[in-house]
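Working notes, structure below.
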Amino acid sequence: MPVVLVTGGAGYVGSHACLALHQAGFAPVVYDNLSNGHEAFVQWGPFEQGDILDRERLDAVIALHRPVAVMHFAALIEVGESVLQPARFYRNNVIGALTLIEAAQAAGIDKIVFSSTCATYGEPVRVPMDEGHPQEPINPYGRTKLMIEQALSDLDRHAGLRSVSLRYFNAAGADPEGRIGERHSPETHAIPLAIQALLGQRASFSVFGSDYDTADGTAVRDYVHVLDLADAHVRALRYLMDGGATTAINLGTGTGTSVRALIGAIEAVAGAALPVVEAQRRAGDAPLLVANGTRAREVLGWSPSRDLAEIVGSALTWHRAELTRG
Ligand SMILES: NC(=O)c1ccc[n+]([C@@H]2O[C@H](COP(=O)([O-])OP(=O)(O)OC[C@H]3O[C@@H](n4cnc5c(N)ncnc54)[C@H](O)[C@@H]3O)[C@@H](O)[C@H]2O)c1
């Protein structure tokens, strides 16, 4: 079985990618420093604790497992933290990624699937957003991701390293069997926050802004099931293994869901009312972020197969399972 080094594989999206890799006949090796990950999420291959800033450790793990490709999820991800501690984000997400890339190159690995984000676009000038949309990130987090996309493009041009940068919109949902799911600290994502309020772990769910220029006044996002994202990673890997050229691809559903519609979906699935409070807009939140998924269909043959009810239902299963685990 071809081995794939999965940095950040003890985190939310990376652990679901390991499940998909395993199901597709690959052998994922997780490399994670557990700063935000969970060893219990590593269930489909060996775990190597380490930091992407630690070149010696990377070299040793790569020499031991001899991966054919890297999936690079490891990053600091919280936009608000990136504003408070930009240098920490640049060191981790930029220097860390470059250290990883150099280690991969030294070992002759020439294929990387990179977790990028719609945050590289910044304020939307047209929606749905296609990959040619201007990339002008409005926070350090988005800029760290854009810098690596740009580095990867140069590495293709001048050093023969091919990559796919996958620009996710809002990853959501969980493994429907409740084995792994979304556990961020601090939690800033809408669906886990809402479910925690529903389950009594938070007093209420805050709707940040109800005066946007959208149909119901609340912000609109494109929620894509994490297992659909995981499937897209396997397709991106196969694309590179088949000789595909370096590219960047949006991963979203093309359907926008407002915060109010999301609340409705959660209440319908849970059969209970969500305690909601209205709050001010959060700085830096765009009114509307929705993907144009044409390139994902054309290049990867990928389009998401799971709808909002499955996203919410699987997230609820995960949070309930977490409660019983204590
Ligand atoms: N969750 C989303 O909606 C979303 C959207 C767009 C892009 N992304 C990107 O997807 C990737 C995964 O996001 P996630 O939601 O799973 O986050 P996560 O925090 O759950 O996972 C990130 C993992 O990386 C690890 N990590 C961080 N720095 C590291 C380092 N220096 N060395 C080794 N391991 C390190 C953490 O311990 C964690 O397990 C990130 O790169 C993120 O930017 C996520």
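Scanning the range 146-166 for residues that are touching a residue at least 12 places away in the same chain (Cβ under 8 Å) and open to solvent by 10 Å² or more (accessible area, probe 1.4 Å) gives LEU146, MET147, GLU149, ALA151, SER153, LEU155, ASP156, ALA159, GLY160, ARG162. Here GLY173 meets each of (1) within 22 Å of LEU316 (Cβ to Cβ); (2) modelled with pLDDT under 95; (3) not β-branched (Val, Ile, Thr) with one exception, condition (2). Taking the range 66-89 as the range and being part of a helix (DSSP H, G or I) and surrounded by 18 or more Cβ atoms within 10 Å (Cβ to Cβ) as the test, the residues that pass are VAL79, SER82, PHE89. If you take the residues in the range 171-185 that are more than 9 Å from the ligand (Cβ to nearest atom) and of a type in the set (D, E, K, R), which one is nearest to VAL226 (Cα to Cα)? Among those that are more than 9 Å from the ligand (Cβ to nearest atom) and of a type in the set (D, E, K, R), it is ASP175.
Within the range 105-119, the residues that satisfy the criterion of being surrounded by fewer than 24 Cβ atoms within 10 Å (Cβ to Cβ) and either outside any strand (DSSP E or B) or without any contact (Cβ under 8 Å) to a residue 12 or more places away in the chain (or both) are GLN105, ALA106, ALA107, GLY108, ILE109, ASP110.
Return yes or no: is HIS22 open to solvent by 60 Å² or more (accessible area, probe 1.4 Å) and not aliphatic (A, V, I, L, M)? Yes, satisfied.
For the residues GLU123, GLU149, GLU136, the requirement of being within 17 Å of VAL220 (Cβ to Cβ) and charged (D, E, K, R) singles out GLU123.
Within the range 207-244, the set of residues being β-branched (Val, Ile, Thr), part of a loop (DSSP other than H, G, I, E, B) and open to solvent by less than 10 Å² (accessible area, probe 1.4 Å) comprises THR218 only.
Each row is one residue, and each column tells you yes or no for (1) under 25 Å from ALA119 (Cα atoms); (2) away from the ligand (no atom under 13 Å from the Cβ).
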site	(1), (2)
HIS16	yes, no
PHE47	no, no
HIS65	no, yes
VAL79	yes, no
LEU84	yes, yes
ARG88	yes, no
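Remark: ALA283 falls outside the filter, which requires a residue to be open to solvent by less than 40 Å² (accessible area, probe 1.4 Å) and among the hydrophobic types (A, V, I, L, M, F, W, C). The set of residues in the range 140-170 being of a type in the set (A, V, I, L, M, F, W, C) and within 21 Å of LEU229 (Cα to Cα) consists of LEU146, ILE148, LEU152, VAL164, LEU166, PHE169.
In the range 1-14, which residues are closer than 18 Å to ALA172 by Cβ and more than 8 Å from the ligand (Cβ to nearest atom)?
Across the range 1-14, there are no qualifying residues.
Considered as a group, the residues in the range 245-275 that are open to solvent by less than 10 Å² (accessible area, probe 1.4 Å) and not in a helix (DSSP H, G or I) include one that is farthest from GLY293 (Cα to Cα), and that residue is ILE249. Residue pairs whose Cβ atoms lie under 7 Å apart, sitting 6 or more positions apart in sequence or on different chains, and linking a residue in the range 21-37 that is more than 16 Å from the ligand (Cβ to nearest atom) to a partner that is assigned to a loop (DSSP other than H, G, I, E, B), are HIS22/TRP44; HIS22/GLY45; GLY25/MET1; PHE26/MET1; PHE26/PRO2; ALA27/MET1; ALA27/PRO2; ALA27/GLY45.
Taking the numbered list (1) without any contact (Cβ under 8 Å) to a residue 24 or more places away in the chain; (2) within 24 Å of LEU227 (Cα to Cα) in turn, ALA273 passes all entries but (2). Condition first: assigned to a loop (DSSP other than H, G, I, E, B) and more than 11 Å from the ligand (Cβ to nearest atom). Can you find one or more residues in the range 187-198 that meet it? Scanning the range 187-198 turns up no residue that is assigned to a loop (DSSP other than H, G, I, E, B) and more than 11 Å from the ligand (Cβ to nearest atom).
The values are calculated or read from the model by the stated rules, or taken from the named source; none is laboratory data. All of these numbers come straight from a predicted model, not from anything done at the bench. In this analysis, Cβ positions are derived from the backbone assuming ideal geometry, glycine residues included, and neighbour counts consider all displayed protein chains. SASA here: full protein model, heavy atoms, side chains in, ligands and nucleic acids out. Shrake-Rupley method; radii C 1.70, N 1.55, O 1.52, S 1.80 Å.
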